[in-house]
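The values are calculated or read from the model by the stated rules, or taken from the named source; none is laboratory data. None of the values given here were measured: they were computed from a predicted structure. Neighbour counts are summed over all protein chains in view; Cβ atoms, including those assigned to glycine, are modelled from backbone coordinates with ideal geometry. Calculation scope for accessible area: heavy atoms of the full protein, side chains included, ligands and nucleic acids excluded. Shrake-Rupley method; radii C 1.70, N 1.55, O 1.52, S 1.80 Å.
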Amino acid sequence: KYGLQTKLLGKRVVHFNVTTSTNIVARQMAEEGVEEGTVIVAETQTRGKGRLGRKFITKGGGVWMSVILKPNIDPMHASSITLMAAVSVTKALRGMGLEAVIKWPNDVFVNGKKICGILTEMSAETDIVNFIILGIGVNVNNDIPLETATTMKAELGKEVSRVRFIQALLEELEEDYLTFKEKGFTPILWNWRRFSDTLGRPVEVSCQDEKIRGVAQDVDEDGSLIVKLTDGTVKKIVSGDCRHLKN
Ligand code: BTN
């Protein structure tokens, strides 16, 4: 099979050598009414954005892209899209021979090191989403310090075709997105659980000023992490930073 096998995602691809952040550009284009499925890719970003207001380093050789989606969903359910993307990225990486797993909520790891980060942003009214910007950054052939993060090149021992990887990723994303629209979040969540490295583990989750330690039990239908504390109480964490602790 040759070429991109998608109907919706990547029908239009906008490529930059350098931009501020593909999420910023995608938002502008979405506000101007560009069609669903439009993909923005950049070789490098000067203001790559990470989760929780952090900076994200995006030098040449990686895949830095944003996809514009317009699902007819309640803003309350938008985090489903973020978890869905982690599933799609994991499938695309596994398709290339890497043992990828998901750390809650949506970091993808290989051999204990982060290989992909996902940042979704949305524009919504009270009860309907106008659009979602799905930003995905994957370390492919870029050079980074390999202490806590890794790249496809480092794990596979050879350079990877970024075009082929983007193609595989868009195909997985489209499949999962169509499933999500047809059947809802349940089948996606099932795969998320299957790929998750967090469930069943002792974790420390930082959210706001609180640090919660316990065992990660499950994710629920809105993507929240359910943690059981040592005293037996169960906490539901909507968003935060999760650290896996030693067993
Ligand atoms: C994280 O792990 O904190 C999320 C990182 C998301 C990075 C990607 S790179 C493409 C897109 N544009 C951005 O500015 N951020 C996302």
(message) When you scan the stretch 3-12, do you find a residue that is under 14 Å from the mean Cα position of the chain (by Cα), of a type in the set (A, V, I, L, M, F, W, C) and within 16 Å of the ligand (Cβ to nearest atom), even just one?
(response) no
(request) Having 3 or more residues that are closer than 22 Å to Ala78 by Cβ, at pLDDT 95 or above and touching a Leu at 6+ places or on another chain (Cβ under 6 Å) is the bar; report the strands (runs of 3 or more DSSP E) wholly within the stretch 208-247 that clear it. (result) none
(message) Among the residues in the stretch 50-57, are any surrounded by 21 or more Cβ atoms within 10 Å (Cβ to Cβ) and at negative phi?
(response) no
(message) open to solvent by less than 50 Å² (accessible area, probe 1.4 Å), of a type in the set (Val, Ile, Thr), within 13 Å of the ligand (Cβ to nearest atom) and over 21 Å from Phe131 (Cβ atoms): which single residue out of Thr44, Thr19 fits that description?
(response) Thr44
(message) I'd like to check something: does the stretch 68-86 contain any residue that is part of a loop (DSSP other than H, G, I, E, B), within 10 Å of the ligand (Cβ to nearest atom) and modelled with pLDDT of 95 or more?
(response) no
(request) Working only within the stretch 100-114, note down all residues that are closer than 15 Å to Asn191 by Cα and part of a loop (DSSP other than H, G, I, E, B). (result) Trp104, Pro105, Asn106
(message) For the stretch 113-129: of the residues being within 15 Å of Ala26 (Cα to Cα) and under 15 Å from the mean Cα position of the chain (by Cα), which is farthest from the ligand (Cβ to nearest atom)?
(response) Met122
(request) Test each condition in (1) open to solvent by less than 40 Å² (accessible area, probe 1.4 Å); (2) under 14 Å from Val140 (Cβ atoms) for Leu69 and report the one that comes out false. (result) (2)
